[in-house]
Structure formats: structure tokens, C-alpha cells
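Before any comments, here is the structure.
The values are calculated or read from the model by the stated rules, or taken from the named source; none is laboratory data. Not measured: the values here are computed from a predicted model. Because the Cβ atoms are built from the backbone with ideal geometry, glycine has one as well, and the counts that use them run over all protein chains shown. We work out accessible area using only protein heavy atoms, side chains counted, and drop any ligands, DNA or RNA first. Shrake-Rupley method; radii C 1.70, N 1.55, O 1.52, S 1.80 Å.
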Amino acid sequence: MTQPPATPVRTPVGPLAEPAGIRDGAPMTQPPATPVRTPVRPPAEPAGIRDGGAWAVPRPARRVMGPDRPRSGNRPLQPLRFAVLGDSLSEGVGDRVEGAWRGWAALLADGLVEAGRAVEVRNLAVSGAQSREVAEEQAPEAVAFRPDLASVVVGVNDTLRRTFDIERFARCLDRVCADLAGNGAVLLTACLPDPGRMLRLPTPLARPLERRQKAVNALVHAVSARYDAVHLHLAEPVWTDDRSLWSADRLHPGERGHRAIAARFHTLLAARGLAHGTPPSPEPEQPPPTRADTVRWLATAGTGWVARRCHDLLPQLLHLAGAELRHSAAGTAARLDHRAEHALSAALAAVSLDAPVATMGE
């Protein structure tokens with residue numbers, strides 16, 4: 001006789017607690033982790049804002065140019081991007097190497113960063129460019145490049161046109177600098193010597209050009225201050241009186257001049273902690289231009305340049321020289337200066353800038 005199987009004794013068990021994450025018969029899943037949120041402080045007011053100052057726009061945050069720019073893992077630093085905007089000065093005219101223009105911007109680029117980091121230069125400068133062309137043609141490409149550093153050196157060609165308009169120059173320059181600085185670029189700017197002095201024109205012809213260039217330089221000073229640009233004073237006698245710095249055409253630096261400009265910009269950038277490489281050598285590799293070189297330039301490229309200016313500027317310049325002589329004879333030459341100062345003040349106001357008229361001529 002077999003024994004019936006024993007009935008197992010079941011111990012009563014209370015209802016299981018529903019695991020976190022189960023809802024009405026849904027498969028058991030782990031609950032999503034609740035993210036830990038780090039409180040974010042409100043941004044501080046940007047440097048540069050002044051109570052009631054209409055012109056003092058906030059200075060934008062800038063990407064770090066130096067060796068402390070963040071690395072991604074063990075990958076090397078990203079190349080430093082340098083955009084060059086302007087005319088023949090920035091294109092490199094006067095400093096020819098192996099059949100091509102080099103110029104101060106290329107010389108400066110070699111000394112911007114420490115060993116192991118590359119520099120990507122995009123030189124958009126074009127010989128003969130005016131401020132309008134820089135604003136409409138060069139600046140959009142430069143902004144798309146997203147440079148860490150951008151040079152904007154322009155103005156002489158504006159003064160050498162019968163269409164010269166100081167207010168239009170102000171609007172173009174301010175727009176270019178605003179767009180580049182607004183994308184985080186550190187700006188390089190320069191005031192320039194007046195071409196009448198460099199070409200040693202007779203006083204009645206040189207004075208109108210001098211007024212124009214002084215007005216342009218005053219605006220460059222004011223706009224440079226607005227955007228905290230690294231600014232170089234190329235209109236000072238230390239630059240204009242040293243003929244060894246200039247090429248045969250007397251309007252563009254020679255190799256020595258381009259090297260001097262690059263070295264000075266390097267010094268100014270290094271003072272701000274923005275240049276970490278070796279400064280460019282001041283010593284040229286090519287011999288300086290001779291008097292024969294000047295004659296050769298006048299007989300070739302200079303002839304075309306003079307012809308273009310005769311067609312464009314010379315008729316107006318002769319008219320301005322006539323007014324200069326009449327006012328000088330009448331003892332009223334100061335009126336011409338006052339007119340230029342009034343036009344400058346209107347141009348500054350057009351871009352919401354305010355600068356003392358006394359800066360005209362610095």
C-alpha cells in the first residue's frame with residue numbers, strides 16, 4: 001500500500017510590494033534615472049556696457065587663442081584661424097617671395113602659436129579694395145570662416161576716389177567689425193599714413209588727401225576702441241619718415257616694412273597673451289629697393305596707377321586744390337578744416353559713436 005503524496009505545507013506570504021516602475025501589469029522595467037541638475041548662474045553683464053552710453057555695445061565672448069584652449073582627449077589643438085581683410089597692404093604688395101606676394105599677415109601668422117599647433121590663414125584682401133567691397137564681399141566669407149583672429153585694415157583707397165564719403169566709410173567699417181567681433185574674433189586694425197605725404201605731392205594737392213586720411217584714421221581709432229581691437233598706429237612719423245620701410249612705389253611697405261608691421265602686431269598681441277610663438281625677424285631677406293627700382297615702377301606699374309587716378313580722382317583733386325589755394329590766399333583755410341571736422345562728427349554719429357574732434361589728425 002502506497003502512501004499518498006504528502007500535501008506540501010504552504011506558508012502564507014503577504015502581497016509583494018510592487019517594484020518601482022511597474023504600472024498596471026506592465027513588464028517590470030527599471031525606472032529612469034532622475035538626472036542631477038547643476039544650477040546655472042545667470043550670466044554676468046558683458047564688459048563694456050556703460051549706463052546710458054549709446055555707443056558702448058557689449059564686447060562678445062572670444063574663443064581662447066593661447067595654449068590653454070581646451071583639448072579633446074589627447075588630440076592636438078585645433079588650428080588657429082586667422083582671416084585677413086583689406087586692400088593691397090594686407091594682400092602683401094611690396095613683399096614678393098618666389099613670384100607671389102607674402103606680406104605682414106603671413107609673417108605674423110608664423111609667430112602666433114606655440115610649436116605643435118597650426119595656423120590656418122585665409123587672406124581675402126584684394127588690391128584696390130575700398131571699405132564697401134570689404135563689407136560686401138570679404139566680410140561674409142570671413143564670418144563663415146569663424147576666425148579666432150581677424151585683421152581689418154582699409155581706408156586709403158577710399159580717400160583716393162572721387163566718391164569718397166566718410167559716413168559711408170564709417171558704416172562699412174563698423175558693420176565689418178561688429179560681424180567679426182560678434183562671432184568671437186579678436187580684431188587687428190591700423191591707422192594709415194596719408195598718400196599725399198607718402199607721394200610727396202605739392203601742398204595744395206596733398207592737403208585735401210591729408211584731411212581725408214585724418215578723418216578715416218579718427219574713425220578707425222573710435223571703432224577700434226568700441227571693439228577692443230589690437231590697434232597699430234602706422235601714421236606716426238617713426239613709420240612714415242623711415243624710407244627704408246617702404247617699397248619703390250612709396251605707397252606700400254617693402255619687405256622690411258612688412259616685417260616691422262608683423263613684429264609690432266606680434267608685440268601687441270603678446271602683451272595681451274594672444275601670441276605665443278617666435279616673433280618675426282626684422283631683418284629682410286631681399287635687398288631694399290633702389291632709385292632705379294622706383295624709376296622702373298613709374299615706367300611700368302606706376303604709369304597704369306597714375307592713369308587710373310587721373311581718370312578717377314585727379315579732376316576732383318584739382319578742384320579741391322583750387323579751393324585750397326583760394327582759402328589760403330584769403331586767410332580762411334581754417335574753414336576747410338572745420339568742414340572736414342563737421343563731416344567727421346556726422347559720420348561718428350551715424351554709427352552711434354562719440355569721439356572728440358581733436359582726435360582728427362592723430
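Couple of notes before you dig in:
- Out of 225, 235, 229, sole residue that is surrounded by 18 or more Cβ atoms within 10 Å (Cβ to Cβ), small (Gly, Ala, Ser) and at pLDDT 95 or above: 229
- Selection count, the range 79-99, where residues are open to solvent by 40 Å² or more (accessible area, probe 1.4 Å) and over 20 Å from residue 246 (Cβ atoms): 4
- Residue match in the range 39-57 (condition: at pLDDT 50 or above and in contact with a Gly (Cβ under 8 Å, 6 or more places away or on another chain)): no
- Filter pass, residue 151 being of a type in the set (Ser, Thr, Tyr) and either open to solvent by 40 Å² or more (accessible area, probe 1.4 Å) or farther than 17 Å from residue 128 by Cα (or both): no
- Among the conditions (1) part of a helix (DSSP H, G or I); (2) farther than 25 Å from residue 263 by Cβ; (3) open to solvent by 20 Å² or more (accessible area, probe 1.4 Å), the only one that residue 162 does not satisfy is (1).
- Verdict on residue 135 being assigned to a helix (DSSP H, G or I) and touching a Cys at 6+ places or on another chain (Cβ under 8 Å): yes
- Residue match in the range 328-336 (condition: open to solvent by 50 Å² or more (accessible area, probe 1.4 Å), under 20 Å from the mean Cα position of the chain (by Cα) and at pLDDT 90 or above): no
- Flag if residue 249 is out of contact with any Lys or Arg (no Cβ under 9 Å at 6 or more places or on another chain) and in a loop (DSSP other than H, G, I, E, B): yes
- Residue list for the range 115-129, filter: part of a strand (DSSP E or B) and over 13 Å from residue 141 (Cβ atoms): 119, 120, 121
- Some residue of the range 171-182 being open to solvent by 10 Å² or more (accessible area, probe 1.4 Å) and assigned to a loop (DSSP other than H, G, I, E, B): no
- Condition check for residue 129: aliphatic (A, V, I, L, M) and open to solvent by less than 30 Å² (accessible area, probe 1.4 Å): yes
- Annotation note: of 142, 109, the sole residue that is in contact with a strand residue (DSSP E or B) (Cβ under 6 Å, 6 or more places away or on another chain) and crowded, with 23+ Cβ neighbours inside 10 Å is 142.
- Any hit, the range 186-195, residues being open to solvent by 50 Å² or more (accessible area, probe 1.4 Å), of a type outside the set (D, E, K, R) and closer than 20 Å to residue 83 by Cα: no
- Pairs meeting the criteria (first residue in the range 98-122 and β-branched (Val, Ile, Thr), second residue part of a loop (DSSP other than H, G, I, E, B) and open to solvent by 50 Å² or more (accessible area, probe 1.4 Å), beta carbons under 8 Å, at least 6 apart or on different chains) are 113/67; 113/276; 119/110.
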